[in-house]
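A short write-up of the structure that comes next.
The values are calculated or read from the model by the stated rules, or taken from the named source; none is laboratory data. Model, not experiment: these values are computed from the prediction. Here the Cβ positions follow ideal geometry from the backbone for every residue, glycine too, while neighbour counts run over all protein chains shown. Remember, those area values only see protein heavy atoms, side chains included, never the ligands or the DNA or RNA. Shrake-Rupley method; radii C 1.70, N 1.55, O 1.52, S 1.80 Å.
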Amino acid sequence: LTPPQVVDKLNKTIDWLLMDAQRWVDWVTEYDDAPNRFVSKMPSWVGDGGQKNLGRQLQFCQWRIAPDEALLIRVTPPRAAYWNFELANAWFTSVDYRYRFSSLNGRQAVREDDGSVIIAVSHADPGIPNWLDTGGHCKGMVNQRWVEADDHPVPQTELVKLKDLDQHLGNARRVTPAERADQLRR
């Protein structure tokens, strides 16, 4: 490389970094108007990102949850090669997955008798098997994907107070503290 080529490539790198940083800000801002519910559209600068050609559907939910609240996510997963929910903070950094529940996939999820899955995103353990731990963050994103799925249902959400959780969960499955400890160990 010649010195002018190095300068040119560094300038292009700087331009890309500035553009990419703004792109992420724009994307988060697009979802800011729809907190605590899933949207299926990709960011405007991505289009569909080739998702349909790749046989997958991505959905996003920007959550805002106070320490005394839980975001309940309900969905009946379709038949799929793979599906998951991933929790991230407001900067798209995953919650510490070594010590907290920050993701859930079709193999890990515990289904209800009707085949549905109920997930609680909350600061405190809600006592149901499918918990995503906010890691102390009050704002973040849940990324969800269906891969090679028969259908692409949009998960339904409901923000509830933790003290009212039982009335919103009805007969949903529960876990004991010992079962939760074993779940985290695994």
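Couple of notes before you dig in:
- Percent carbon-and-sulfur accessible area, the chain, ignoring ligands, DNA and RNA, probe 1.4 Å: 53 percent
- A simple spin-label model places the labels of residue 18 and residue 150 5.2 nm from each other, with each point 7 Å out along Cα-to-Cβ.
- Taking only the C-alpha atoms of the chain, Rg followed by Dmax gives 19.1, 70 Å.
- In the range 92-186 the Cα-Cα distances spread across 5 Å bins starting at 0 as 2, 11, 22, 26, 21, 13, 4, 0 percent of all pairs.
- Radius ratio Rg over Rh of the range 131-186, counting only Cα atoms, Kirkwood formula for Rh: 1.00
- Distance from the alpha carbon centroid of the range 105-147 to that of the range 2-17 works out to 44 angstrom.
- Taking every protein chain into account, the 1.4 Å probe leaves residue 24 with about 100 Å² of accessible area, to the nearest ten.
- Residue 99 sits with roughly 150 Å² accessible to a 1.4 Å probe, with DNA, RNA and ligands left out of the calculation.
- Sorted on the mean count of surrounding Cβ atoms within 10 Å across their residues, most packed first, peptides 66-77, 152-163 read 66-77, 152-163.
- In order along the range 161-170, phi translates into HN-Hα couplings of 6, 4, 5, 9, 4, 4, 6, 8, 8, x Hz, rounded to whole numbers, per the Karplus curve 6.51 cos²θ - 1.76 cosθ + 1.60 with θ = phi - 60° and x for Gly and Pro.
- Calculated mean residue ellipticity at 222 nm for the chain: -8000 deg cm²/dmol, from DSSP H runs with n ≥ 4 weighted as -39500 (n - 2.57), summed, divided by the residue count and rounded to 500.
- Point-to-point label distance, residue 82-residue 107, nm (Cα→Cβ direction, 7 Å offset): 1.0 nm
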